[in-house]
Amino acid sequence: MRPNSQALKHKLSHDSEREFGGTLGAVCIPVFLPLTVLFLICLSRSPEASLFQWPPPLPSTDQLWDPLAPVLLLGWFALHAVIYLMPLGKVSEGLVLRDGTRLKYPINGFHGLCISGVFLMLLLGLGAPLGYLFELLLPLAVCAIAVSFLFSIYLYIRSFWAPSYALALGGNTGNPLYDFFIGRELNPRIGDFDLKYFCELRPGLIGWVVINLGMLMKEVELRGSPSLAMILVNSFQLLYVADALWNEEAVLTTMDIVHDGFGFMLVFGDLAWVPFTYGLQAAFLVVHPQTLSSLKAAVIIALNGIGYYIFRQSNSQKNQFRRDPTHPSVARLETIATATGKRLLVSGWWGLVRHPNYLGDLLMALAWSLPCGFSHLLPYFYVIYFTVLLIHREARDERQCRAKYGLAWDTYCRRVPYRIFPYIY
């Protein structure tokens with residue numbers, strides 16, 4: 001078969017591919033995931049906090065709406081949009097696009113976290129009742145869900161004015177329901193303001209730790225001081241967010257930025273799912289306080305430390321190898337050549353399992369849940385969900401790498417047989 005026919009065949013097979021259950025998933029996920037967010041928040045605030053409670057605790061209309069919620073949410077987005085545009089930090093280039101260009105991105109997310117921290121400390125010093133975020137959780141989540149839908153509609157409509165080379169390969173199928181969900185345009189921008197990049201690590205991720213702080217302050221209001229369990233949950237998750245923002249440049253090579261269009265899937269995930277479900281442990285502890293012994297706390301801290309070490313070291317090794325394969329820290333690592341001209345690491349962290357960063361991620365996720373004890377399953381929702389998510393993401397990575405690297409990827413898989421968990425999976 002001639003090369004151009006082979007390329008056409010690959011393109012047609014790619015275009016016919018549907019992820020997340022295709023059209024059925026594109027219809028069901030935007031309905032059930034927002035309801036799941038509200039359901040989980042209601043459960044975390046209920047005395048039983050049982051995932052199997054029937055009938056489930058349903059909120060009243062008054063609990064779903066507070067006029068302060070949209071003001072706070074839109075004000076929060078505006079604050080971080082201003083910080084994004086400020087001349088702070090460096091500017092980095094993304095990967096080469098299909099038209100041969102590179103987009104520029106401001107690397108100032110960590111500045112946004114620090115400015116937010118100073119702002120919150122000022123509010124606390126002025127006596128602002130940050131603990132009221134506990135009462136606002138449901139109204140804020142409702143507003144975030146509504147913003148996600150409205151923003152996704154805007155993104156879908158504007159994508160029809162984008163040139164063909166600016167569309168995501170997997171999001172331009174002609175099926176409006178699927179394309180709305182998965183995202184048609186790869187890098188939608190207003191001027192130099194990159195909408196996807198802004199949402200990826202800014203308002204939702206930093207909002208997550210702000211909500212956690214609000215839960216801690218609510219516990220102070222109720223009991224006079226924060227519990228050790230609440231302090232651990234806040235500290236672990238703050239470290240995770242700070243690490244992501246400190247290493248913000250690394251996101252420019254991730255699947256979200258490089259491959260996925262910007263549609264409801266990413267918008268909802270960034271603005272609603274992450275801030276309102278990833279911190280369920282803190283909301284749970286407000287209503288269900290836990291006592292931790294020093295020994296238990298030490299074990300949990302050690303587990304989080306091990307997970308973080310694996311996560312950070314493996315990601316740093318990968319990013320350094322991508323930036324400069326001749327750097328002394330990676331130059332001696334064993335690699336496999338590919339037909340693309342790139343090389344695959346088969347030693348170091350990436351010779352242990354194919355996704356050591358996922359292994360570290362999951363160990364940290366478990367450490368975030370353990371301070372909540374074992375009396376309820378709800379605090380472990382995150383680690384269960386995250387395990388499913390990372391296994392699914394690993395499968396997506398596998399398909400993409402096999403299509404990209406061909407026989408070299410098969411060789412790599414034989415050399416590194418385990419995907420995430422050594423000797424297990």
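The values are calculated or read from the model by the stated rules, or taken from the named source; none is laboratory data. This is a predicted model, so every value here is computed, not measured. Neighbour counts run over all protein chains shown; Cβ positions are idealised from the backbone, glycine included. For accessibility, only protein heavy atoms count, side chains too; no ligands or nucleic acids. Shrake-Rupley method; radii C 1.70, N 1.55, O 1.52, S 1.80 Å.
A few points about this structure:
- Whole-Hz ³J(HN,Hα) from phi, Karplus 6.51 cos²θ - 1.76 cosθ + 1.60, for the range 164-170, glycine and proline x: 4, 5, 8, 8, 6, 4, x
- Selected from 155, 71, 246, residue furthest toward positive end of dipole (the chain; charges at beta carbon): 246
- At 0.692 mPa s and 37 °C, Stokes diffusion of the range 115-204 via Kirkwood alpha-carbon radius, µm² per second: 209 µm²/s
- Nearest 10 degrees, 0 to 90: helix 133-158 Cα axis against the chain principal axis: 30 degrees
- Integer Hz, Karplus 6.51/-1.76/1.60 couplings in order for the range 285-293, x for Gly and Pro: 5, 4, 8, 10, x, 10, 9, 10, 7
- In the range 66-114, the portion of solvent-accessible area held by carbon and sulfur atoms comes to 72 percent [1.4 Å probe, whole percent, DNA, RNA and ligands not counted].
- Cα-centre dipole for the chain with unit charges at Cβ (Lys and Arg positive, Asp and Glu negative), debye to 20: 1400 debye
- Apportionment of accessible area to carbon and sulfur, the range 259-375, percent (1.4 Å): 61 percent
- Cα-based Kirkwood hydrodynamic radius, the range 272-317, one decimal, Å: 12.9 Å
- Amide hydrogen neighbours beyond the local backbone of residue 347, cut-off 5 Å, H modeled: 334
- Summed side-chain charge close to residue 321 - residues other than residue 321 whose Cβ falls under 13 Å, Lys, Arg +1, Asp, Glu -1: +4
- 3J(HN,Hα) along the range 267-278: 4, 5, x, 6, 9, 10, 5, 4, x, 9, 10, 5 Hz, from the Karplus curve 6.51 cos²θ - 1.76 cosθ + 1.60 with θ = phi - 60°, whole Hz, x for Gly and Pro.
- Solvent-free Debye calculation, one equal scatterer per alpha-carbon of the range 114-263: log10 I(q)/I(0) at 0.09, 0.13 Å⁻¹ equals -0.40, -0.74.
- Rg/Rg_globular for the range 343-425, with Rg_globular taken as 2.2 N^0.38 Å and Rg from C-alpha atoms: 1.28
- Working note: 222 nm ellipticity from helices only, DSSP H runs with n ≥ 4, each -39,500 (n - 2.57), summed and divided by the residues of the chain, gives -19500 deg cm²/dmol to the nearest 500.
- Under 5 Å, built H, 5+ apart or other chain: amide partners of residue 172: none
- Degrees, to the nearest 10: 203-223 long Cα axis against longest axis of the chain: 20 degrees
- Ranking 295, 352, 333 from most to least accessible surface, computed with a 1.4 Å probe over the protein chains only, gives 295, 352, 333.
- Between the exposed loop cleavage positions of the chain, defined as GluC sites (Glu not before Pro) in a non-H, G, I, E, B DSSP state with at most 15 neighbouring beta-carbon atoms within 10 angstrom, the longest gap is 49-333.
- Cα-based Rg / Dmax (Å) for the range 203-274: 15.3, 48
- Shape of the range 237-367, Cα gyration tensor, a/c cut at 1.5: oblate
- Which of 326, 303, 314, positive extreme of dipole for the range 267-332 (C-beta unit charges): 326
- The chain, accessible area per residue, ligands and nucleic acids excluded (1.4 Å, Å²): 47 Å²
- Set of aspartates and glutamates near residue 218 by C-alpha distance (under 14 Å), chain-local residues within fewer than 8 positions excluded: 135
- Under 18 Å from the Cα of residue 196 - aspartates and glutamates, other chains or at least 8 residues apart: 93, 179, 185, 248, 249, 256, 260, 270
- Positive-pole candidate from 405, 373, 284, dipole of the range 281-425, charges at beta carbon: 405
- C-alpha long axis of helix 228-246 to longest principal axis of the chain, angle in °: 30 degrees
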